[in-house]
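Q: Quick one: this structure, given as structure tokens, is what I'll be asking you about.
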Amino acid sequence: MPRAPIPEARPDPLRGDARLNLSATLASVTVALILSLAKLWAFAMTASLSVAAALADSGLDLMMSLAGLAAVMYAARPADDDHTFGHSSVEDLAALGQSLFILVAAGVIGVAAVRRLWLPDTAPVAAAEAGIAVMVLSIVLTLALVLWQGRVARATGSRVVAADRLHYLGDLAPNVGAIVALVAAQQFGLHQIDAVIALAAAAMLAVGALRIGTGAWNALMDRAADPDTVDGIATLARDWPGVDGFHDLQTRQAGSRIFVNLHVELDGDLPLREAHDIGAGLRAAIRTKYPRCEVIIHKDVAGRGSAG
């Protein structure tokens with residue numbers, strides 16, 4: 001029987017991923033801090049609810065970015081005696097916390113917007129030029145940030161960076177809406193548009209929070225990897241030289257990592273070294289195709305396990 005090929009070991013991608021994730025979260029914290037201070041000044045100048053919605057969102061961005069930074073730093077720690085599978089699940093925990101904060105902010109902004117719609121004696125928007133300038137700054141910085149976060153998320157698969165990017169993308173619409181509201185209030189005296197746009201921004205925040213929270217919850221509940229990944233691993237196992245069959249292919253996600261358990265069926269008369277080489281080759285092939293997989297392969301005697 002020909003020996004199973006063993007692909008050459010590649011450098012562990014997780015170290016490089018950690019550096020990229022750290023750069024993305026540090027950029028997020030910096031942008032959120034700058035925008036929070038700028039929007040606080042703009043709200044003080046304009047008394048605009050749509051600017052208040054953008055300010056609340058940036059304040060939450062700052063809190064969540066700090067939490068994301070802490071999560072990324074913690075997730076990058078190597079496995080230890082208490083966490084033998086590593087610390088990557090903290091990314092999902094941080095993402096779930098982010099979604100809860102966003103939901104609370106959406107509720108507060110929505111209530112304030114409804115009150116302004118029903119109370120005609122609320123203070124009108126003022127100093128629209130200052131608010132518009134800050135919103136333009138916000139859009140430019142946010143666009144630059146999401147472009148970098150998108151590149152990092154695609155490279156590393158980090159759930160925290162992806163979640164951070166998602167709600168920053170969601171920030172763009174409220175910021176544009178705030179500019180529209182300020183122009184409408186300044187040029188046409190349509191102050192109620194401010195509350196309408198704030199209400200729409202609150203709805204967008206709530207939808208995004210539910211999406212982030214659902215993904216994080218599924219990961220914390222050990223949901224399987226996506227079907228394409230599972231099918232790809234099954235195909236590798238089915239076609240690997242020396243493997244007569246496989247069964248009990250199980251996967252779960254934790255942060256950006258996928259943990260794989262697989263039983264392969266081998267000829268019971270094979271020498272131990274050859275059986276080891278078959279399993280090692282298959283494990284290396286899976287990790288080559290899916291670099292963020294942690295793979296455990298169990299070797300069973302063919303005919304004594306369930307066919308895969």
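The values are calculated or read from the model by the stated rules, or taken from the named source; none is laboratory data. All figures in this text were calculated on a predicted structure; none of them were measured in a lab. Quick reminder, even Gly has a Cβ in these numbers, built from the backbone with ideal geometry, and neighbours come from all protein chains shown.
Q: Yes or no: region 263-280 includes at least one residue that is outside the structural domain of Val160 (by TED's automatic domain parsing), assigned to a strand (DSSP E or B), of a type outside the set (D, E, K, R) and in contact with a Phe, Trp or Tyr (Cβ under 9 Å, 6 or more places away or on another chain).
A: yes
Q: Next question, about the same structure. State the number of residues belonging to region 225-241 that are outside any helix (DSSP H, G or I), surrounded by 15 or more Cβ atoms within 10 Å (Cβ to Cβ) and modelled with pLDDT of 90 or more.
A: Of the residues in region 225-241, 1 are outside any helix (DSSP H, G or I), surrounded by 15 or more Cβ atoms within 10 Å (Cβ to Cβ) and modelled with pLDDT of 90 or more.
Q: Taking Thr288 and the conditions (1) modelled with pLDDT of 90 or more; (2) assigned to a helix (DSSP H, G or I), which numbered condition does it fall short on, given that it satisfies the others?
A: All conditions are met except number (1).
Q: Continuing with the same structure: Taking region 259-303 only, how many residues are β-branched (Val, Ile, Thr) and over 28 Å from Ala153 (Cα atoms)?
A: 4
Q: What's the number of the condition Ser99 fails, among (1) of a type outside the set (Lys, Arg); (2) modelled with pLDDT under 75; (3) within 20 Å of the chain's Cα centre (by Cα); (4) surrounded by 21 or more Cβ atoms within 10 Å (Cβ to Cβ)?
A: Going through (1) of a type outside the set (Lys, Arg); (2) modelled with pLDDT under 75; (3) within 20 Å of the chain's Cα centre (by Cα); (4) surrounded by 21 or more Cβ atoms within 10 Å (Cβ to Cβ) one by one, Ser99 breaks only (2).
Q: Which residue out of Ala144, Ala198 is within 18 Å of Lys39 (Cβ to Cβ), modelled with pLDDT under 75, among the hydrophobic types (A, V, I, L, M, F, W, C) and in a helix (DSSP H, G or I)?
A: Being within 18 Å of Lys39 (Cβ to Cβ), modelled with pLDDT under 75, among the hydrophobic types (A, V, I, L, M, F, W, C) and in a helix (DSSP H, G or I) holds for just one of Ala144, Ala198, which is Ala198.
Q: Ok, one more. Exactly one condition in (1) acidic (Asp, Glu); (2) modelled with pLDDT of 85 or more; (3) under 25 Å from Asn21 (Cα atoms) is not met by Asp222; state its number.
A: Only one criterion in (1) acidic (Asp, Glu); (2) modelled with pLDDT of 85 or more; (3) under 25 Å from Asn21 (Cα atoms) is unmet by Asp222, namely (2).
Q: In the set Arg159, Arg151, Arg165, which member is basic (Lys, Arg), modelled with pLDDT under 75 and at negative phi?
A: Selected residue: Arg159, the only one of Arg159, Arg151, Arg165 that is basic (Lys, Arg), modelled with pLDDT under 75 and at negative phi.
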